[in-house]
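The values are calculated or read from the model by the stated rules, or taken from the named source; none is laboratory data. Computed from a predicted model, the values in this text were never measured in an experiment. As a convention, Cβ positions derive from the backbone with ideal geometry for all residues, glycine included, and neighbour counts pool all protein chains shown.
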Amino acid sequence: MNWQAVRFDWNQARAFLVTAETGSFSAAARALRLTQPTLGRQVAALEAELGVTLFERVGRALELTDAGRSLLGHMREMGEAAIRVSLAASGQVQQIAGSVSVSVSDIFAQRLMPMVALRLQDVAPQISLEVIASNALSDLQRREADIAIRHVRPVQPELFTKMARRCTGRLYATQDYVARHGPFDRPADLARASYIAMGDGAELVAYLQGCGVPITPGAVRHGSENGVVCWEMLRAGLGLFPMLDDIAATTPGVVPVWPGLKPIEVECWLTVHRELHTSRRIRLVFDMLAEMLAQPRLPLT
């Protein structure tokens with residue numbers, strides 16, 4: 001191989017790749033944890049080294065040039081290869097020190113992960129925990145996180161998964177809301193309630209209609225993509241919201257409604273890339289999460 005023909009470094013190529021995939025220098029800088037000027041200099045250096053223009057401004061948008069589009073596929077292959085190298089190397093690290101990132105829903109991030117961090121501080125103080133609070137599924141194959149707690153079973157063969165917990169959930173409201181607007185003992189009672197939805201309210205409406213509740217879309221009065229915000233809306237007395245029984249049990253002043261409603265079943269899957277499962281520090285955090293999730297009562301803040 002003629003190594004002298006390779007005229008750029010990986011940092012420059014990565015800066016170009018992430019900018020192309022995120023669509024802006026600012027988003028790419030956040031993804032790579034760089035300043036925007038630093039990232040811009042790396043892209044400019046790559047353009048100068050290759051002798052091509054990779055991006056052009058169209059209004060306020062950033063678009064790939066023909067040269068940029070022709071190189072993007074090759075850069076993606078490089079990026080995937082770099083991730084595979086990183087995964088393989090991380091899996092061989094046997095020191096119980098360093099950073100471990102865990103992707104988890106915002107509710108678990110708020111209520112469970114502080115207790116995980118406290119436990120980890122006692123057991124392995126050289127490990128630093130990064131919590132990625134998101135209801136979206138992190139791509140473990142692209143190293144967006146080391147470990148994930150998911151509520152759907154992953155199917156990718158590259159991932160090691162373990163069923164950690166089966167939870168149940170119900171519709172909840174504050175005692176004050178029930179006193180003012182209830183009781184909510186029958187499906188017809190629930191039709192006159194106000195609801196809080198996380199994300200698309202149509203999903204909640206469809207679920208309740210499937211349970212025999214004659215609800216209309218107009219009953220969903222409030223909502224957010226953030227589950228913690230939705231729960232705080234419920235606590236403020238704005239309506240009904242579905243929540244895990246584990247979380248609701250630790251929240252004063254909150255009660256389940258309609259005892260006849262079949263509990264919502266939710267699974268918790270611990271997931272890690274197979275290459276990383278051999279790393280001692282990642283395996284330690286993985287096993288700790290499995291142990292804590294398996295407890296009869298979750299250790300919540």
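Structure values in brief
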item	result
Elements of type strands (runs of 3 or more DSSP E) in segment 95-165, at least 3 residues being without any contact (Cβ under 8 Å) to a residue 60 or more places away in the chain	98-104, 127-133
Search result, residues across segment 105-164 that are of a type in the set (Val, Ile, Thr) and loosely packed, with under 15 Cβ neighbours inside 10 Å	Val123, Val152, Val155
Residue under evaluation Thr250, criteria (1) over 22 Å from the mean Cα position of the chain (by Cα); (2) of a type in the set (Val, Ile, Thr); (3) crowded, with 16+ Cβ neighbours inside 10 Å, criterion not met	(3)
Residues of segment 118-167 satisfying the condition of being over 13 Å from the mean Cα position of the chain (by Cα) and modelled with pLDDT under 85	Gln141, Arg142, Pro154, Val155, Gln156, Pro157, Glu158, Leu159
Test for Phe241: is it touching a strand residue (DSSP E or B) at 6+ places or on another chain (Cβ under 6 Å), more than 23 Å from Arg153 (Cα to Cα) and among the aromatic types (Phe, Trp, Tyr)	yes
Residue selected from segment 9-28 under the condition under 19 Å from Glu80 (Cα atoms) and aliphatic (A, V, I, L, M), by the criterion farthest from the chain's Cα centre (by Cα)	Ala13
Of residues in segment 253-301 being assigned to a strand (DSSP E or B) and among the acidic types (Asp, Glu), the one surrounded by the fewest Cβ atoms within 10 Å (Cβ to Cβ)	Glu265
Enumeration of residues in segment 165-174 that are out of contact with any Lys or Arg (no Cβ under 8 Å at 6 or more places or on another chain), buried (at least 17 other Cβ atoms within 10 Å of the Cβ) and farther than 16 Å from Leu204 by Cα	Arg165, Cys167
Subset of segment 196-225 (residues that are polar (S, T, N, Q) and within 19 Å of Leu261 (Cα to Cα))	Gln209, Thr216
Residues satisfying the stated conditions in segment 229-252, i.e. of a type in the set (Gly, Ala, Ser) and outside any loop (DSSP other than H, G, I, E, B)	Ala248
Tally of residues being in contact with a helix residue (DSSP H, G or I) (Cβ under 7 Å, 6 or more places away or on another chain) and either within 19 Å of Pro183 (Cβ to Cβ) or without any contact (Cβ under 8 Å) to a residue 24 or more places away in the chain (or both) across segment 257-272	2
Of all residues making up segment 175-207, the number that are part of a loop (DSSP other than H, G, I, E, B) and surrounded by fewer than 14 Cβ atoms within 10 Å (Cβ to Cβ)	5
Cβ-Cβ under 7 Å pairs, at least 6 apart or on other chains, segment 191-218 side on the phi > 0 side of the Ramachandran plot, far side not in a helix (DSSP H, G or I)	Gly199/Glu225
Count - residues of segment 1-50 that are at pLDDT below 85, in a loop (DSSP other than H, G, I, E, B) and not acidic (Asp, Glu)	5
Some residue of segment 56-75 being among the aliphatic types (A, V, I, L, M), under 30 Å from Met288 (Cα atoms), at pLDDT below 85 and exposed (fewer than 15 other Cβ atoms within 10 Å of the Cβ)	no
